[in-house]
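First the structure, in the form of structure tokens, and then the observations on it.
The values are calculated or read from the model by the stated rules, or taken from the named source; none is laboratory data. All of these numbers come straight from a predicted model, not from anything done at the bench. Here the Cβ positions follow ideal geometry from the backbone for every residue, glycine too, while neighbour counts run over all protein chains shown. Just the protein is used for accessible areas: all its heavy atoms, side chains included, with ligands, DNA and RNA removed. Shrake-Rupley method; radii C 1.70, N 1.55, O 1.52, S 1.80 Å.
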Amino acid sequence: MKYRIEAFENLVNAFQEMPSIGKKSAIKMAYHLVMEDSFSAMKLAHAIEEGVNSIRRCKKCHNMSENELCSICSDEYRDNETLCIVQSAKDILTIEESKQFDGVYYVVSEVRDMDESHLFYAVGGVNEIIFAFPPSIATDTMILYIEDKLLGLNIQFTKIAQGVPTGVELENIDVVSLSRALEARVRI
Ligand SMILES: [Zn+2]
């Protein structure tokens, strides 16, 4: 007969389904929570439940938000003529951390998820669009596609400077490099 503790295995499996968590880390975390720190465990369970129930996508930019509009879209002090297009709402966290940008954002993961009329709604009143994509063939295609859709509107297109390595996600780039890449953005 195989040695099993089913509830423990379930917890380990649940952790293992998380990005970048291997089996060893999953066991370490599960053990810590159930055997060593049940208070943290309950806090974690509560935070997960609250996060999942209260966080949704901002209606305008698709950023994470607790309300219909995220705190960036509803901030009247942000420059809403400068729009930064990112691939993931996680990238907004990275760019905000750099404190180099006070415009607004728009999240587009893939060309095929893009809703054209929503894009037009998001770019209303914008005069510069900065593409903050990590360089790759897929993101170049996305830039061309979006530019093409918005051609004829009076919008200047720029992208973050080279120096952001190919294939590296924005969240893995250090804040200094990202700040530089934003500052030295180039016209396209
Ligand atoms: Zn928003």
For this session: Within segment 86-106, track down each residue that is more than 13 Å from the ligand (Cβ to nearest atom) and of a type in the set (Asp, Glu).
Result: 91, 97, 102
For this session: Kindly check whether there is at least one residue in segment 71-85 that is under 28 Å from residue 15 (Cα atoms), within 15 Å of the ligand (Cβ to nearest atom), of a type outside the set (Lys, Arg) and open to solvent by 30 Å² or more (accessible area, probe 1.4 Å).
Result: no
Exercise. Of all residues in segment 129-183, how many are at pLDDT below 90, closer than 17 Å to residue 95 by Cβ and β-branched (Val, Ile, Thr)?
Worked result: 7
Exercise. Going by the structure shown, is residue 65 away from the ligand (no atom under 16 Å from the Cβ) and open to solvent by less than 60 Å² (accessible area, probe 1.4 Å)?
Worked result: no
Exercise. With 117, 109 as the choices, which residue is polar (S, T, N, Q), within 16 Å of the ligand (Cβ to nearest atom) and either open to solvent by 60 Å² or more (accessible area, probe 1.4 Å) or modelled with pLDDT under 90 (or both)?
Worked result: 109
For this session: For segment 73-105, enumerate the residues that are outside any loop (DSSP other than H, G, I, E, B), touching a residue at least 40 places away in the same chain (Cβ under 8 Å) and over 10 Å from the mean Cα position of the chain (by Cα).
Result: 80, 81, 82, 83, 84, 85, 97, 98, 104, 105
